[in-house]
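Below is one structure, written out as structure tokens, with a few remarks after it.
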Amino acid sequence: MFKSKYLNGVMETVIKRNPAEPEFHQAVREVLESLEPVIEAHPEFEKAGIVERIVEPERVVSFRVPWLDDQGNVQVNRGFRVQFNSAIGPYKGGLRFHPSVYQGIIKFLGFEQIFKNSLTGLPIGGGKGGSDFDPKGKSDNEVMRFCQSFMTELSKHIGADCDVPAGDIGVGGREIGYMFGQYKRLRNEYTGVLTGKGLTYGGSLARTEATGYGLCYFTDEMLKDAGKSFKDATVVISGSGNVAIYATEKATELGGKVVALSDSNGYVYDKNGIDLPLVKQLKEVERKRISEYVKTHPEAEYHEGCKGIWTIPCDIALPCATQNELDEESAKALVANGCYAVAEGANMPSTPEAVSVFQSNGVLFGPAKAANAGGVATSALEMSQNSMRYSWTFEEVDAKLKDIMVNIYKNSRDAAEKYGLKGNFVAGANIAGFMKVAEAMMAQGLV
Ligand code: NDP
């Protein structure tokens, strides 16, 4: 499979040791493919067993989360925290609450997080966590009871200098607030143990916007290098959660026209351009379905099912919903309709087959690790502000975010070029992210 015998051996062990975790295998395979030239140029990494160590989490915690629903019935969910790699800083990565969550999903996300966090240039290691709890349709009280139970166990494993979780799918400001409150009560300490906090209790300005804005800053830089821009471009964005909403806001501000958004039931196509204030009201305030959009905008179309969104003609596509949402057929449809740039707001939204369709057709392709790193970067800025007991203005945080995203783009581009893979930002991001972690691991000995 790989040219390197060493990498083949590592991949075989990963598959054998982690059966029935296909998403984790997929994430590891993609990184190892990119590392072929690095391993060839650096035999010391093989000698020190860097790759077999980096694919094995430092710690995996799996726990029971019992809670009472509004009818007084006992409910039991499963919670996870994967502390993957702490070579360059405390573990950092979000918590996902979604029924599809199991250990393989958390491990794929935690593994990706190592390289993403390294790419930000900030001192944060890789981790991820979550639960198969579904916040959809639950009352605020049910969500609170679940979050308190979840944090009762999680609090034993995290801390401001050890592991700092954040939000992800199904975990927004409400859930972070409940978990922060419970941590503080249990530990009697007011520390920045979670990021994505509300502004009244230690949150950072611009954290809510950061992933979506950062995605557009990265994409803009990639477009500029190719002599293109968002100006007058037609943009299709999947999802309608945190990342999709703020990607829509920034893409529009940069001159693009966003014509479609989706959720897990279907998508809306508004050729006049998406009415973002309405989407914010529906999704952030009322927690409703995207199908409601057409009630206010009868001229827009609503289609059941998520995949059809990729058949809408566009110049730029930003998948911002979930893993493996964009397959080979969808990638071919995008290419056939003239799409020239794709950047991933979600984690691993494009299947490997879709990525090769983009790459073989000369589509500019910004992989998640690089393109969506703005969220975690701003979380790290929130940690800095918490440590200083000080807050930066929105403009200060946004300017730092922009700098970080431009640097991530340049580092990914340059790393790809250095190893003879010009224009391959997947390889470039993996290599640039890996090098810093590998060097730190080498320096710290066999741990
Ligand atoms: P949200 O929960 O705010 O929104 C998720 C969106 O994706 C919703 O519109 C949801 O629809 C949709 N979605 C979820 N699962 C599916 C599915 N199986 N099929 C189709 N659509 C689906 O999450 P975020 O916006 O925070 O996260 C989106 C992606 O971005 C995830 O991959 C996450 O890991 C990644 N990410 C998020 C960061 C952040 O800062 N928030 C940082 C970096 C990456 P519905 O409401 O129907 O479930």
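The values are calculated or read from the model by the stated rules, or taken from the named source; none is laboratory data. None of these values were measured; they are calculated from a predicted model. Because the Cβ atoms are built from the backbone with ideal geometry, glycine has one as well, and the counts that use them run over all protein chains shown. Heavy atoms of the whole protein, side chains included, go into the accessibility calculation; ligands, DNA and RNA do not. Shrake-Rupley method; radii C 1.70, N 1.55, O 1.52, S 1.80 Å.
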### Query
Could you give the accessible area per residue of the chain, probe 1.4 Å, as a whole number in Å²?
40 Å²
### Task
Wrap a convex hull around the Cα atoms of region 170-275, take a quarter of its surface area, and give that in square nanometres.
8.3 nm²
### Task
Would you mind listing how long region 5-54 runs along its three principal axes, going by Cα atoms, in whole Å with the largest first?
33, 17, 17
### Task
With a point put 7 Å past each Cα toward its Cβ, work out how far residue 360 is from residue 1 in nm, to one decimal.
2.0 nm
### Query
Of 7, 25, 49, whose Cα points farthest to the positive end of the dipole of region 5-54 (charges on the beta-carbon: +1 Lys, Arg; -1 Asp, Glu; origin at the Cα centre)?
49
### Query
Where is the GNM fluctuation largest for the chain (alpha-carbon springs, 10 angstrom cutoff): 208, 322, 393?
393
### Query
If the cut-off is a Cα-Cα distance under 16 Å, which lysines reach residue 228, setting aside same-chain residues fewer than 8 apart in sequence?
257
### Task
Note down the accessible area of residue 439, probe 1.4 Å, to the nearest 10 Å².
100 Å²
### Summary
Projecting the Cα atoms of 99, 393, 202 onto the charge dipole of the chain, where Lys and Arg contribute +1 and Asp and Glu -1 at Cβ, the residue farthest towards the positive end is 202
### Gained length - residue 337 relative to residue 232, 0.36 nm times residue gap less alpha-carbon distance
36.2 nm
#### Entry: the chain, helix-only ellipticity at 222 nm - DSSP H runs n ≥ 4, -39,500 (n - 2.57), divided by all residues, nearest 500
-15000 deg cm²/dmol
### Query
Using 0.36 nm per residue, how much length does the chain from residue 225 to residue 190 gain when fully extended, once their Cα-Cα distance is taken away?
8.1 nm
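Keeping the other protein chains in place, figure out the carbon and sulfur percent of the accessible area of region 50-207, with a 1.4 Å probe.
Values: 2760 of 5650 Å².
For region 50-207, the apolar C and S fraction of the accessible surface comes to 49 percent.
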### Task
Give the shape of region 357-447 as rounded, prolate or oblate, defined through the alpha-carbon gyration tensor: a ≥ b ≥ c are the square roots of its eigenvalues, a/c under 1.5 means rounded, and otherwise the shape is prolate if a/b is larger than b/c and oblate if not.
oblate
### Alpha-carbon Rg with Dmax, taken over the chain, Å
20.9, 64
#### Entry: Of all DSSP beta bridges in region 261-366, antiparallel share, percent nearest 5
50 percent
### Of 116/271; 197/402; 3/422, pairs whose Cα-Cα distance is over 30 Å
116/271
### Message
Given points 7 Å out from each Cα along the Cα-Cβ axis, report the residue 275 to residue 60 separation in nanometres with one decimal.
### Response
4.7 nm
### Task
Please arrange 78, 185, 207 by accessible surface area, largest first, computed with a 1.4 Å probe and ligands excluded.
185, 78, 207
### Task
Could you tell me which of 245, 158, 147 has its Cα farthest along the dipole of the chain towards the positive end, charges placed at Cβ (Lys, Arg +1; Asp, Glu -1), taken about the Cα centre?
158
### Query
Mind checking the dipole of region 175-316: about its Cα centre, +1 per Lys or Arg Cβ, -1 per Asp or Glu Cβ, Debye to the nearest 20?
540 debye
### Query
How far is it, in nm, from the label point at residue 139 to the one at residue 297 when both lie 7 Å from their Cα along the line to the Cβ?
3.5 nm
## Note on the structure
per DSSP, antiparallel bridges as share of beta bridges in region 59-189, % nearest 5, sits at 65 percent
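Report the extension gain between residue 162 and residue 444 in nm, rounded to one decimal, defined as 0.36 nm multiplied by the number of residues separating them, less their alpha carbon distance.
Answer, rounded to one decimal: 99.8 nm.
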### Task
Would you compute the Debye intensity of region 59-189 from its alpha-carbon atoms alone, equal scatterers and no solvent, and pass along log10 I(q)/I(0) at q = 0.17 Å⁻¹ to two decimals?
-0.83
### Query
Where a Cα-Cα gap under 19 Å defines reach, which lysines qualify for residue 288, not counting those fewer than 8 residues away within the same chain?
136, 138, 280
### Summary
Computed about the Cα centre, the charge dipole of the chain from +1 Lys/Arg and -1 Asp/Glu charges at the Cβ has a magnitude in debye, to the nearest 20, of 860 debye
### Query
Which of the aspartates and glutamates could be linked to residue 231 by a straight reach, that is with a Cα gap under 15 Å, when you skip same-chain ones fewer than 8 residues away?
220, 221, 249, 253, 315
